[in-house]
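Participant: Please see the structure below; I have some questions.
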Amino acid sequence: MGKMWLSFAVLFLGVFYLYSASADNGAPGKKLKMQFATGPQLKFQIWVFEEYMRVLSQRYPDIRIEGENYLPLPIYRHIASFLSIFKLALIGLIILGKDPFAFFGMQAPGVWRWGQENKIYACMMVFFISNMIENQCMSTGAFEITLNDVPVWSKLESGHIPSMQQLVQILENEMKLNVHMDSLPHHPS
């Protein structure tokens with residue numbers, strides 16, 4: 001009983017360490033960044049933006065275009081991190097044939113007994129179902145565009161992605177406004 005307690009405690013501490021190391025405590029994590037050209041910076045926050053990037057880089061060769069993932073709320077990132085670690089621990093228990101319910105003095109449910117009899121299917125099911133939930137937690141549906149760190153479009157607010165004509169019109173207006181603002185004399189306050 002003592003060895004089982006020790007092995008369970010080590011497993012628990014290992015899972016806790018991995019979870020705490022993977023959680024970022026609400027700070028923004030590393031973002032996928034791709035940079036092109038120089039000049040004003042147009043930032044897309046969406047998973048796939050290549051089509052917009054191609055058209056805009058042809059029309060505005062001086063604009064630097066970056067793409068990055070729009071991060072979900074920290075609670076969803078933490079849930080996804082926890083599920084990732086829990087999934088690995090559960091798959092490990094299935095493969096090793098360990099019964100965590102016996103540790104708590106409980107009878108193993110039928111699903112656990114089925115998993116022990118069908119380890120490959122059980123591991124695949126745990127893997128795919130947890131990945132589905134993790135992906136749902138990390139999905140935001142965002143298409144956020146900023147020009148020089150000023151928001152110019154938000155799918156989260158508007159509910160849709162702008163057409164290419166809308167985006168070009170927005171950029172034209174913003175560029176004209178920026179040129180106009182730069183040409184105004186600066187008065188000390």
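The values are calculated or read from the model by the stated rules, or taken from the named source; none is laboratory data. Note that the structure is a prediction, hence the values are computed from the model and not measured. Cβ sites come from the backbone with ideal geometry, for glycine too, and all protein chains shown count toward neighbours.
Participant: Could you list, in sequence order, all residues of the stretch 150-166 that are in a helix (DSSP H, G or I) and either within 30 Å of residue 84 (Cα to Cα) or small (Gly, Ala, Ser) (or both)?
Facilitator: Matches in the stretch 150-166: 155, 156, 158.
Participant: What number of residues within the stretch 92-104 are of a type in the set (Phe, Trp, Tyr) and assigned to a helix (DSSP H, G or I)?
Facilitator: Number satisfying all stated conditions: 2.
Participant: Given the conditions (1) in contact (Cβ under 8 Å) with a residue 60 or more places away in the chain; (2) under 12 Å from residue 134 (Cα atoms), which single one is not true for residue 71?
Facilitator: Of (1) in contact (Cβ under 8 Å) with a residue 60 or more places away in the chain; (2) under 12 Å from residue 134 (Cα atoms), only one is false for residue 71: (2).
Participant: Among the residues of the stretch 120-130, is there at least one that is out of contact with any Pro (no Cβ under 6 Å at 6 or more places or on another chain), of a type outside the set (A, V, I, L, M), modelled with pLDDT under 90 and not in a loop (DSSP other than H, G, I, E, B)?
Facilitator: No - not one qualifying residue is present in the stretch 120-130.
Participant: If you don't mind, there's one more thing I want to ask. Residue under question is residue 135, and the condition is that it be exposed (fewer than 14 other Cβ atoms within 10 Å of the Cβ) and of a type in the set (S, T, N, Q); does it hold?
Facilitator: Answer is yes for this residue.
Participant: So, of the residues in the stretch 145-179 that are hydroxyl-bearing (Ser, Thr, Tyr) and exposed (fewer than 12 other Cβ atoms within 10 Å of the Cβ), which turns out to be modelled with the highest pLDDT?
Facilitator: The extreme case among them is 158.
Participant: Any idea which residue in the stretch 62-92 is nearest to residue 152 (Cα to Cα), counting only those that are touching a Gly at 6+ places or on another chain (Cβ under 8 Å) and modelled with pLDDT of 85 or more?
Facilitator: 71
Participant: Do we find a residue being within 23 Å of residue 82 (Cβ to Cβ) and surrounded by 12 or more Cβ atoms within 10 Å (Cβ to Cβ) anywhere in the stretch 112-121?
Facilitator: There is at least one residue in the stretch 112-121 that is within 23 Å of residue 82 (Cβ to Cβ) and surrounded by 12 or more Cβ atoms within 10 Å (Cβ to Cβ).
Participant: Now a separate question. Before we move on, is residue 107 in a helix (DSSP H, G or I), more than 30 Å from the chain's Cα centre (by Cα) and of a type in the set (S, T, N, Q)? Please lay out each step first, then the result.
Facilitator: On the way: in a helix (DSSP H, G or I): no; more than 30 Å from the chain's Cα centre (by Cα): yes; of a type in the set (S, T, N, Q): yes.
Spelling it out, it is not the case that residue 107 is in a helix (DSSP H, G or I), more than 30 Å from the chain's Cα centre (by Cα) and of a type in the set (S, T, N, Q).
Participant: Something else about it: Restricting attention to the stretch 136-149, report how many residues are in contact (Cβ under 8 Å) with a residue 24 or more places away in the chain and not in a loop (DSSP other than H, G, I, E, B). Don't jump to the end; show me each part of the working.
Facilitator: As a first pass, look at the stretch 136-149 and keep what is in contact (Cβ under 8 Å) with a residue 24 or more places away in the chain: 137-140, 142-149.
When the remaining residues are screened for being not in a loop (DSSP other than H, G, I, E, B), the result is 137-138, 144-147.
Residues in the stretch 136-149 being in contact (Cβ under 8 Å) with a residue 24 or more places away in the chain and not in a loop (DSSP other than H, G, I, E, B): 6 in total.
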